[in-house]
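Okay, structure first, notes after.
Read the figures in this text as sums done on the coordinates, not as results from a lab. Please read these numbers as outputs of a predicted model, since none were measured by experiment. Neighbour counts are summed over all protein chains in view; Cβ atoms, including those assigned to glycine, are modelled from backbone coordinates with ideal geometry.
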Amino acid sequence: MILIKLGGSIITNKEKPLSVRKKAIENISKSLRKINEPIIIVHGGGSYGHYWSVKYDMHTKEKKYDLRGVAIVKNSMIELNKIILDSMLKNKLNPYSLPPTDFMSGNKPITKKIKEIAKIARTGLIPVTYGDALWYGQKKTYILSGDKIMTHIAKILKPRLCIFALNEDGLYSDLKSKKLIYELKGERATISENKMDVTGGMSRKVEEASKIAKIGLNVFFVNGNKPERIVKAVKNRTFEGTLFRGKRNV
């Protein structure tokens with residue numbers, strides 16, 4: 001089983017509110033057709049959910065946020081999710097939309113429900129979920145990032161490979177020269193955050209990837225603008241990006 005996160009910077013134009021990168025989404029959908037094993041997709045909010053969560057000052061901490069903001073974030077994520085589903089359908093894939101409320105209770109994953117996601121994926125349907133604004137209880141809400149969803153699902157389902165599709169080739173040891181880090185062994189790295197990404201930007205991806213690698217799973221950071229690299233990683237175990245190597249062999 002392969003778990004893939006489509007970052008907000010790949011599927012949307014983060015510099016322009018409420019705009020998608022249709023060609024990038026289309027190319028990824030075409031590439032997914034070449035993978036012949038169960039897939040689960042998680043996607044970020046980019047210039048949709050993240051844009052509104054910044055506007056309404058909403059974060060990952062449970063708090064009594066503006067209910068108008070909660071409603072707008074949720075609506076925008078449904079809109080973005082629909083765009084991705086339509087692209088997948090157009091390319092002869094069978095997406096199965098799963099809002100995170102289907103498998104989360106408060107801020108805790110529901111193990112039984114996540115195991116059902118695996119069963120769905122094994123049928124040939126492709127579960128597609130996303131970061132969202134969620135009800136916590138006691139009139140509180142919070143932002144559940146797609147990166148955190150990756151960790152929740154990975155810990156329970158133990159996929160063969162977890163992939164984060166980014167708008168970069170991977171992690172760099174130096175941002176100016178863009179010297180690529182080809183492999184890490186679960187170490188955490190520090191990287192500057194995108195000021196618009198309230199759910200943590202690249203640093204949060206690194207944090208979640210490190211958690212996943214520490215439980216023995218392999219995590220691959222890859223350029224989503226070059227989706228053929230996703231296919232190579234899955235089919236040929238060729239990693240053109242940054243690999244967080246877990247205890248298992250890839």
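Please list, ordered by chain and number, the residues whose modelled amide H lies under 5 Å from the amide H of Leu184; skip anything fewer than 5 residues away on the same chain.
Leu243, Phe244, Arg245
Determine the alpha carbon to alpha carbon distance for each of Lys22/Lys82; Lys119/Lys158; Lys63/Lys158; Lys185/Lys211 and list only those over 20 Å.
On the way: Lys22/Lys82 12 Å; Lys119/Lys158 13 Å; Lys63/Lys158 31 Å; Lys185/Lys211 11 Å.
In this structure, Lys63/Lys158 exceed 20 Å between Cα atoms.
Quick check on segment 10-64: take the gyration tensor over C-alpha atoms, sort the square-rooted eigenvalues as a ≥ b ≥ c, and tell me if it's rounded (a/c under 1.5), prolate or oblate. Each step should come with its number before you reach the end.
Numbers: a/c = 5.93, a/b = 1.73, b/c = 3.42.
Oblate shape, in that a/c is at least 1.5 and b/c is the bigger or equal ratio.
When the Karplus curve 6.51 cos²θ - 1.76 cosθ + 1.60 is applied with θ = phi - 60°, which whole-Hz ³J(HN,Hα) does each residue of segment 57-69 get, with x for Gly and Pro?
6, 9, 9, 6, 6, 5, 7, 7, 7, 4, 5, 5, x
Under a 10 Å cutoff between Cα atoms, tell me which one of Leu85, Leu67, Leu93 has the largest fluctuation in the Gaussian network model of the chain.
Leu67
Report P(r) for the chain: all Cα-Cα distances, bin width 10 Å, range 0 to the bin holding the largest distance, values in whole percent.
Calculated over all Cα pairs of the chain, the distribution is 8, 34, 39, 18, 2 percent.
Quick one: Karplus J couplings for segment 166-178, per residue in order, coefficients 6.51, -1.76, 1.60, θ = phi - 60°, nearest Hz, x for Gly and Pro?
10, 9, 9, 6, x, 8, 10, 6, 9, 5, 5, 7, 6
For Asn107 and Lys55, what is the calculated FRET efficiency with R₀ set at 25 Å and r taken between the beta-carbons, to the nearest 0.05? Walk me through the numbers before you get to the answer.
Working: r = 23 Å, r/R0 = 0.90.
For R0 = 25 Å, the calculated efficiency reads 0.65.
Pop out the ³J(HN,Hα) list for segment 147-162 in order, Karplus 6.51 cos²θ - 1.76 cosθ + 1.60 with θ = phi - 60°, rounded to Hz; leave Gly and Pro as x.
5, 5, 4, 4, 5, 4, 5, 4, 4, 8, 9, 6, x, 5, 8, 10
Which of the trypsin sites (Lys or Arg not before Pro) found in segment 41-106 are loop residues per DSSP with 11 or fewer other Cβ atoms within 10 Å of their Cβ? Walk me through the numbers on the way to the answer.
Working: sites: Lys55, Lys61, Lys63, Lys64, Arg68, Lys74, Lys82, Lys90, Lys92; in loops: Lys61, Lys64, Lys92.
Within segment 41-106, the qualifying trypsin sites (Lys or Arg not before Pro) (loop, at most 11 other Cβ atoms within 10 Å) are Lys61, Lys64, Lys92.
Given just the C-alpha atoms of segment 23-94, how large is their convex hull per residue in cubic angstrom? Show your work: numbers first, answer last.
Working: hull volume 7.1 nm³, N = 72.
In segment 23-94, the Cα hull volume divided by residue count equals 98 Å³.
What is the order of Thr242, Thr60, Thr141, fewest Cβ neighbours within 10 Å to most?
Fewest to most other Cβ atoms nearby, the residues stand as Thr60, Thr141, Thr242.
Under 5 Å between amide H atoms, partner at least 5 residues away or on a different chain: which partners does Ser105 have, H built in plane at 1.01 Å?
Ile110
What residues qualify as long-range amide H neighbours of Lys5, i.e. H under 5 Å apart, gap of 5 or more or another chain, H built at 1.01 Å from N?
Residues meeting the criterion, in which the H sits 1.01 Å from N, are Val42, Ile163, Phe164, Ala165.
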